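Student: Can you read through this structure? Questions will come right after.
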Amino acid sequence: MAGKRGALIVLEGVDRAGKTTQCSRLVQALQQSGRPAEMMRFPDRTTTIGKLISAYLEKKSDLEDHTVHLLFSANRWELVPLIKKKLEQGITLVVDRYAFSGAAFTSAKPGFSLDWCMQPDVGLPKPDLVMFLQLSPAEAALRGQFGQERYETSAFQNMVQQKFEQLMKDPTVNWQVIDAAQNIESVHRDITAHSVNAIKEAQNLPVGELWN
Ligand code: TMP
Ligand code: MG
């Protein structure tokens, strides 16, 4: 179609920063303002690969660390045809986690370089905007206990935060840091403003390739 494409918008951040809440609020706000929008999330636990990942996260199975990293990446690649189709149809995609979580979480494990962790995701559709919901460990602690899934400990999340900070130094990605310690409404307002801007900018540009 000759019309304007949708934007690929990603929300990242450590656990309990409010990503999922803000993704649904954003999709709702965009739709209400007449901008077609849909939500996606990674891992997408509904596919065959996603079910393997989900069992691993729930500690119902063990997987070797490189293997699960590649499964997370494969779970993104298997959705690429759908992502491209939706964007071409003019639908803006609001994505709860993407390759940045992939690189940050695995590289927080001993023996994994950030560079190695990024490689499987090189060439994925490049987000037009990545918003990092910034929340200090102290503020996160006020939001209650961690869940029971793998990676949900404060020591690991602190490592992940450091890896995100390294990833955010990359000027080829349109990073915006959002203060997630604000109330839900204020965070929502910030996120919506950045998104409306990104949708306007993206509509006449081709989709880029991540980390390429
Ligand atoms: P969530 O479904 O609550 O967002 O949790 C998914 C978990 O998986 C979370 O701890 C982050 C982690 N993760 C990775 O390790 N690699 C990835 O590529 C992605 C998308 C998530
Ligand atoms: Mg979780």
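The values are calculated or read from the model by the stated rules, or taken from the named source; none is laboratory data. In this text, all values refer to a predicted model and were calculated from it rather than measured experimentally. With ideal geometry, Cβ positions are generated from the backbone for all residues, glycine too; neighbour counts draw on all protein chains shown.
Student: Determine which member of the set GLU78, GLU165 is farther than 21 Å from ARG16 by Cβ and more than 16 Å from ligand 2 (Cβ to nearest atom).
Tutor: GLU78
Student: Right, GLN182: modelled with pLDDT under 95, more than 14 Å from ligand 1 (Cβ to nearest atom) and assigned to a loop (DSSP other than H, G, I, E, B) or not? Walk me through it before giving the result.
Tutor: On the way: modelled with pLDDT under 95: no; more than 14 Å from ligand 1 (Cβ to nearest atom): yes; assigned to a loop (DSSP other than H, G, I, E, B): yes.
No; evaluated as a whole, the condition is false for this residue.
Student: What residue, among those in the range 1-39 that are assigned to a helix (DSSP H, G or I), touching a strand residue (DSSP E or B) at 6+ places or on another chain (Cβ under 9 Å) and not polar (S, T, N, Q), is surrounded by the fewest Cβ atoms within 10 Å (Cβ to Cβ)?
Tutor: Taking the candidates together, the pick is ALA29.
Student: Let me ask you something else. Does the range 98-150 hold any residues that are of a type in the set (A, V, I, L, M) and part of a helix (DSSP H, G or I), and which are they? Steps first, please.
Tutor: Kept after step one, since they are of a type in the set (A, V, I, L, M), are these residues of the range 98-150: 99, 103-104, 108, 114, 118, 122, 124, 129-131, 133, 135, 138, 140-142.
Those that are of a type in the set (A, V, I, L, M) and part of a helix (DSSP H, G or I): ALA99, ALA103, ALA104, LEU114, MET118, ALA138, ALA140, ALA141, LEU142.
Student: Is there a residue in the range 46-54 that is more than 17 Å from the chain's Cα centre (by Cα), assigned to a helix (DSSP H, G or I) and within 12 Å of ligand 1 (Cβ to nearest atom)?
Tutor: yes
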